1. Checking the conditions here, which among D90, D52 is closer than 19 Å to S41 by Cβ, of a type in the set (D, E, K, R) and modelled with pLDDT under 95?
2. Right, D28: of a type outside the set (V, I, T), farther than 16 Å from I89 by Cα and surrounded by fewer than 17 Cβ atoms within 10 Å (Cβ to Cβ) or not?
Amino acid sequence: MLRLEPLGAEGRIEENVERMIWIYERGDATMTLETRFDRDSETYELIWHDADGSRVERFADQSTFQSRVTSVSNALSEQRWRQSGPPAIDPDGWKL
């Protein structure tokens, strides 16, 4: 089951999470996609960070999650978004 939710102040990054960060650019616009697995809830998450804010999609199983990540990557490419460098693995999370 897919749930899309906005991330607000309560959407802080948790310590028990493994994440990978993908940066996309198109003209002057930048979008960051964060893919992560939350070991506590055992869910896979795809988090979008763009000019409109942040939102998260959660997945119960890996195959659905991987299919969605591939679909998003293909759609961004079709919309002329360019990946900026390789994805970054961030095991310690954002330092805010």
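1. D90
2. yes
Yes/no per residue for (1) in contact with a helix residue (DSSP H, G or I) (Cβ under 6 Å, 6 or more places away or on another chain); (2) surrounded by fewer than 13 Cβ atoms within 10 Å (Cβ to Cβ); (3) without any contact (Cβ under 8 Å) to a residue 40 or more places away in the chain:
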| site | (1), (2), (3) |
| --- | --- |
| D40 | no, yes, yes |
| T43 | no, no, yes |
| Q62 | no, yes, yes |
| R68 | no, no, no |
| L76 | no, no, no |
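The values are calculated or read from the model by the stated rules, or taken from the named source; none is laboratory data. Quick caveat, the model's predicted, so the values are computed rather than measured. As a convention, Cβ positions derive from the backbone with ideal geometry for all residues, glycine included, and neighbour counts pool all protein chains shown.
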